[in-house]
1. Restricting the search to the stretch 71-110, which residues are loosely packed, with under 15 Cβ neighbours inside 10 Å and part of a loop (DSSP other than H, G, I, E, B)?
2. Please enumerate the residues belonging to the stretch 123-132 that are open to solvent by 20 Å² or more (accessible area, probe 1.4 Å) and part of a helix (DSSP H, G or I).
3. With the requirement that a residue be under 22 Å from S70 (Cα atoms), in a loop (DSSP other than H, G, I, E, B) and open to solvent by less than 20 Å² (accessible area, probe 1.4 Å), what does the stretch 161-195 give you?
4. Kindly indicate the residue of the stretch 137-154 that is within 18 Å of the chain's Cα centre (by Cα) and open to solvent by less than 20 Å² (accessible area, probe 1.4 Å) and also farthest from V34 (Cα to Cα) among those meeting that condition.
5. Hey, can you tell me all the residues within the stretch 109-125 that are closer than 18 Å to A83 by Cα and out of contact with any Ser or Thr (no Cβ under 6 Å at 6 or more places or on another chain)?
6. Of (1) within 15 Å of A85 (Cα to Cα); (2) buried (at least 20 other Cβ atoms within 10 Å of the Cβ), G68 satisfies all except one. Which?
7. Give me a count of the residues in the stretch 27-65 that are assigned to a loop (DSSP other than H, G, I, E, B) and surrounded by 14 or more Cβ atoms within 10 Å (Cβ to Cβ).
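The values are calculated or read from the model by the stated rules, or taken from the named source; none is laboratory data. Keep in mind that this is a model prediction, so the values were computed, not measured. A quick note on method: Cβ atoms are made from the backbone with ideal geometry, for glycine too, and the neighbour counts reach across all protein chains shown. Remember, those area values only see protein heavy atoms, side chains included, never the ligands or the DNA or RNA. Shrake-Rupley method; radii C 1.70, N 1.55, O 1.52, S 1.80 Å.
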Amino acid sequence: MMGSMHDAIAVGRLLVATPLLEDPNFRRSVVLLVEHDEREGTIGVVLNRPTEVPVEQVLPTWSGLVTGPSVVFQGGPVALDTALALARMTSGNGGTGPVGWRPLDGPPAVARVGLVNLDTSPDLVAADMAQFRVFAGYAGWSDGQLRSEVEEGAWYVVPAVPGDVFIEDPGHLWQTVLRRQGGELAFVATFPDDPSLN
């Protein structure tokens, strides 16, 4: 089972930190893969790390469009001074969507979800936007690095469902995603946050 799982690394899938992953940047994190290329590497954003920083404070022109909680999420440890944004559009628009928005090339669970160019005027995308979230930084892996981390048992690679990206209660996303996998992974969801309390 574990051997074939690394083939599932693809845009629109989720990386779920296993209990073995102790890196504080990724402990109990759920990462949406937004770009993946065998030669260029992989980029993802952590979906379940809301910060205390209101979007209003950093991107006031976009703050009215944010899907709650209306704070910046920490997307990962790379380039924390840059913002990435994801939006789900209301209509597919033949796959193109509005100017300033680029759809993820992923499975139906992330249909109409894409990256928003924050240098674009919000007016160009607002009318078509159903959900919107801003991330500071991202997670990045060089060619082959993520595959070896998956093989070492640091990540589970699982399918996303439509509600994951803009979940209203990101604090429970890790358990929620594991629980719906069933079997062994559903059991992992019950691991205490601090195993020494067991």
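1. Residues satisfying the conditions are T90, S91, G92, T96, V99, D105, P107.
2. Within the stretch 123-132, D123, L124, A126 meet the criteria.
3. D164, V165, F166
4. A154
5. V113, G114, L115, V116, N117, L118, D119, T120, S121, V125
6. Checking G68 against (1) within 15 Å of A85 (Cα to Cα); (2) buried (at least 20 other Cβ atoms within 10 Å of the Cβ), the one that fails is (2).
7. Residues meeting the conditions: 7.
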